[in-house]
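This is the structure I have questions about; it appears just below.
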Amino acid sequence: MIELKNVKKKFGNNEVLHDVSLSVNDGEVVVLLGPSGSGKTTFLRCINFLERADAGILKFDEEEIDLKRAKKKQILDIRRNSAFVFQNYGLFNNKTALQNIMEGLVVVQKRSKEEARKIALDSLEWVGLKDKADYYPSQLSGGQQQRVGIARAVALNPKFILFDEPTSALDPELVGETLSVIKKVAKKGITMIIVTHEMSFAQEVADRVIFMDGGVVVEEGAPDEVFYKPKEERTKKFLARILQKDMYYI
Amino acid sequence: MGDYFSFDRFLVRIGQITPYVLVNFKMVFWAMLIGTICAIAVAILRLKKIPVIEQILIVFISYMRGTPLLVQMCVAYYGIPIVFGNLIYNAFGINLNRLDAIVFVIIAFILNEAAFLGEIFRGAILSVPTVQTEAGLSIGMTRLQILFRIVLPQAINVAIPQYGVDLIGVFHNTALAFTLGVLDMMSRARTLGVSTGHTLEGFVVVAIIYIIISLILKALFYLLEKKFQYGRR
């Protein structure tokens with residue numbers, strides 16, 4: 001179980017997170033929704049210390065960590081138990097798809113090269129890209145890069161995975177292949193927190209949906225509740241806007 | 001046309017001048033070797049943005065970029081013995097005034113390269129997107145591991161072409177060293193010209209040697225560049 005309490009973050013005078021709390025059960029898939037600038041991504045980045053929160057507590061594995069004062073060892077510990085999937089893929093450009101996955105297994109988890117290679121190949125196969133093992137990121141499409149990114153995350157066997165808008169940099173026709181891989185991850189029972197703008201995907205994959213706006217959690221609940229019976233005015237407005245946008249695509 | 005150029009004298013000059021290219025190589029070698037190490041230090045110190053040190057480096061770099069190399073050589077040649085002469089004599093027993101001019105030329109090159117290459121390296125490191133570092137952090141790598149395994153290999157890819165251009169530039173600039181009395185190709189061509197009254201052949205030989213070696217260096221760096229492309233064409 002991951003618990004976040006009273007997370008706050010300012011960039012200069014701009015208060016991005018205004019007291020956000022969230023707890024996620026083991027194996028649960030939580031989707032964060034909200035307009036841009038609502039703090040979803042910042043919140044996600046605070047969880048594994050890519051951004052240092054100004055205040056807040058992270059409880060994980062019976063350990064309570066002060067987000068502001070966390071020590072190097074605590075930060076490494078969280079990062080080594082989690083994985084992050086980036087909006088713009090974040091694959092190491094100087095390494096092939098296979099080496100990208102092996103990197104963490106060898107350097108961080110200290111596995112032997114042969115073992116890492118085997119795990120990496122398995123996980124590439126799992127995302128349907130075994131034949132691209134020796135390709136560099138620059139030789140892969142966006143969708144393929146993101147699938148390698150997901151394979152890299154899953155191969156590390158993390159306790160939880162954070163997804164930061166994993167499909168928003170992709171061409172529309174590449175979104176589907178990436179989403180179906182994320183659904184596969186969800187079926188594995190790994191705890192996931194996902195920031196996304198893909199509404200139908202959110203509805204399908206989420207156990208719980210959190211709607212954020214202006215740096216606070218406005219509403220949360222089961223996907224059907226939030227999507228079809230939103231209680232808060234702000235949620236309704238947001239959904240109306242988003243669904244309208246979806247209409248244009250059709 | 002008169003007797004300005006004779007092919008026979010040209011051939012003789014080749015044998016007389018070519019061995020002196022080693023003196024130019026010597027200057028390039030030390031300038032690049034120590035200059036590169038200093039440049040890495042300059043780049044890292046500037047990226048760390050340490051107060052005072054940063055301002056000193058900015059002044060140093062703008063001096064190196066804002067003055068001609070020949071002026072820097074003269075300042076090193078005449079200035080270093082005056083400023084550090086006593087200190088070095090007392091500490092190591094070396095009389096700077098008796099040192100070969102080439103030492104000061106190399107020092108001038110090293111300082112110049114520390115600035116120019118330092119900026120090249122700094123730019124190359126900054127050109128690596130932050131998400132590369134973040135991706136490394138997110139899988140639990142340490143900053144040092146990320147620097148050596150992810151950021152520097154990608155920065156090298158950016159820096160190699162510029163490093164090649166810079167190296168060739170240094171090689172060309174060694175032609176200035178004869179003005180301070182270094183006995184290199186230029187100085188040899190000049191003395192031969194003065195003593196025989198036939199100047200042109202010697203300088204043509206020097207020019208041809210410069211062209212050939214520049215082309216070889218260019219080709220080598222082209223190959224090196226290809227090696228670090230990571231799939232890009």
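Highest GNM mean-square fluctuation, chain A, Cα pairs closer than 10 Å: which of A:91, A:156, A:76?
Largest GNM mean-square fluctuation: A:76.
Quick one: ranking B:198, A:18 by accessible area, 1.4 Å probe, largest first, what do you get?
Details: B:198 45, A:18 90 Å².
If we order B:198, A:18 from most to least accessible, we get A:18, B:198.
For the stretch B:1-98, max minus min Cα coordinate along each principal axis, in Å, sorted largest first?
64, 36, 24
Can you give me the long-range amide H partners of residue A:213? Hydrogens built in the peptide plane at 1.01 Å from N, cutoff under 5 Å, separation of 5 or more residues or another chain.
Residues meeting the amide H criterion: A:218.
Using the Karplus curve 6.51 cos²θ - 1.76 cosθ + 1.60 with θ = phi - 60°, what ³J(HN,Hα) values do you get for each residue of the stretch A:142-148, in whole Hz, with x for Gly and Pro?
Residue by residue, the stretch A:142-148 yields x, x, 5, 4, 5, 5, 5 Hz.
What are the ³J(HN,Hα) values, in whole Hz, obtained from phi via the Karplus relation 6.51 cos²θ - 1.76 cosθ + 1.60 with θ = phi - 60°, for each residue of the stretch B:178-189 in sequence order, with x given for Gly and Pro?
Going residue by residue, I get 5, 4, 9, x, 7, 8, 10, 4, 4, 5, 5, 4 Hz, with x marking Gly and Pro.
Build a GNM of chain A with springs between Cα atoms under 10 Å: which of A:218, A:195, A:85 gets the top mean-square fluctuation?
Checking each option, the largest mean-square fluctuation is seen for A:218.
Filter the GluC sites (Glu not before Pro) in the stretch A:29-67 to those in DSSP coil with at most 12 other Cβ atoms within 10 Å of their Cβ, and list the result.
On the way: sites: A:51, A:62, A:63, A:64; in loops: A:51, A:62.
Qualifying residues, ordered by number: A:62.
Give the separation of the Cα centroids, the stretch B:105-181 to the stretch B:1-23, in Å.
Using only Cα atoms to place each centre, the spacing works out to 38 Å.
Name the residue, out of A:186, A:222, A:202, whose mean-square fluctuation peaks in a Gaussian network model built on chain A with Cα pairs under 10 Å.
Taking springs between Cα atoms under 10 Å, the residue moving most is A:222.
Here is a follow-up. If you take the accessible area of B alone, add that of A alone, and subtract the area of the pair, what total do you get in Å², probe 1.4 Å, to the nearest 100? List each step's numbers first, then the result.
Details: alone 13800 and 12430 Å², together 24150 Å².
Buried area (both sides, nearest 100 Å²): 2100 Å².
Please name whichever of A:214, B:200, A:193 sits farthest to the positive end of the charge dipole of the protein assembly as shown, dipole taken about the Cα centre and charges placed at Cβ: Lys and Arg +1, Asp and Glu -1.
B:200
Whole number in Å², please: accessible area per residue of the protein assembly as shown, 1.4 Å probe, ligands, DNA and RNA not counted.
On the way: 24150 Å² over 483 residues.
Computed with neighbouring chains in place, this is 50 Å² per residue.
Can you list residues from other chains, or at least 5 along the same chain, whose modelled amide H is less than 5 Å from the amide H of residue A:21?
Answer set, sorted by chain and number: A:6, A:7, A:217.
In the protein assembly as shown, carbon and sulfur make up what percent of the accessible area (probe 1.4 Å)?
Values: 14220 of 24150 Å².
Answer for the protein assembly as shown: carbon and sulfur cover 59 percent of the accessible area.
Shifting gears a bit: Over the whole of A:225-237, what's the average partner chain Cβ count within 10 Å per residue? Rounded to a whole number, please. Each step should come with its number before you reach the end.
Numbers: counts 0, 0, 0, 0, 0, 0, 0, 0, 0, 0, 0, 0, 0.
Mean shielding by partner chains, rounded to a whole number: 0.
Would you mind working out the magnitude of the charge dipole of the stretch B:7-227 relative to its Cα centre, with +1 at each Lys and Arg C-beta and -1 at each Asp and Glu C-beta, to the nearest 20 Debye?
On the way: 16 positive and 10 negative charges, 49 e Å.
It works out to roughly 240 debye.
How many angstrom separate the Cα center of the stretch B:34-64 from the Cα center of the stretch A:185-215?
Using only Cα atoms to place each centre, the spacing works out to 47 Å.
Identify, among B:139, B:79, B:16, the residue whose Cα sits farthest towards the positive end of the charge dipole of the stretch B:1-149, taking +1 on the Cβ of Lys and Arg and -1 on the Cβ of Asp and Glu, with the dipole about the Cα centre.
B:139
While we're looking at this one, here's another question. Report, in deg cm²/dmol and to the nearest 500, the calculated mean residue ellipticity at 222 nm for the protein assembly as shown, where each DSSP H run with n ≥ 4 adds -39500 (n - 2.57) and the sum is divided by the residue count. Could the numbers behind the result be given before it?
Numbers: 20 runs with 271 residues, N = 483.
After summing the helix terms and dividing by the residues of the protein assembly as shown, the value is -18000 deg cm²/dmol.
So who's got an amide H within less than 5 Å of the one on residue A:85, skipping anything under 5 residues away but keeping other chains? H placed 1.01 Å off N, in plane.
A:162, A:163, A:164
Going through the stretch A:1-97, which trypsin sites (Lys or Arg not before Pro) have at most 11 other Cβ atoms within 10 Å and a DSSP loop state?
Details: sites: A:5, A:8, A:9, A:10, A:40, A:45, A:52, A:59, A:68, A:69, A:71, A:72, A:73, A:79, A:80, A:95; in loops: A:52, A:68, A:69, A:71, A:95.
For trypsin sites (Lys or Arg not before Pro) across the stretch A:1-97 that sit outside H, G, I, E and B with at most 11 neighbouring Cβ atoms in 10 Å, the list reads A:69, A:71.
Just to check I understand the Karplus step: with θ = phi - 60° and J = 6.51 cos²θ - 1.76 cosθ + 1.60, what whole-Hz values come out for the stretch B:203-216, glycine and proline as x?
In residue order, the calculated couplings are 6, 5, 4, 4, 4, 5, 4, 4, 5, 4, 5, 4, 5, 4 Hz.
The values are calculated or read from the model by the stated rules, or taken from the named source; none is laboratory data. Model, not experiment: these values are computed from the prediction. Don't worry about glycine lacking a Cβ; one is built from the backbone with ideal geometry, like all the others, and counts go over all protein chains shown. Calculation scope for accessible area: heavy atoms of the full protein, side chains included, ligands and nucleic acids excluded. Shrake-Rupley method; radii C 1.70, N 1.55, O 1.52, S 1.80 Å.
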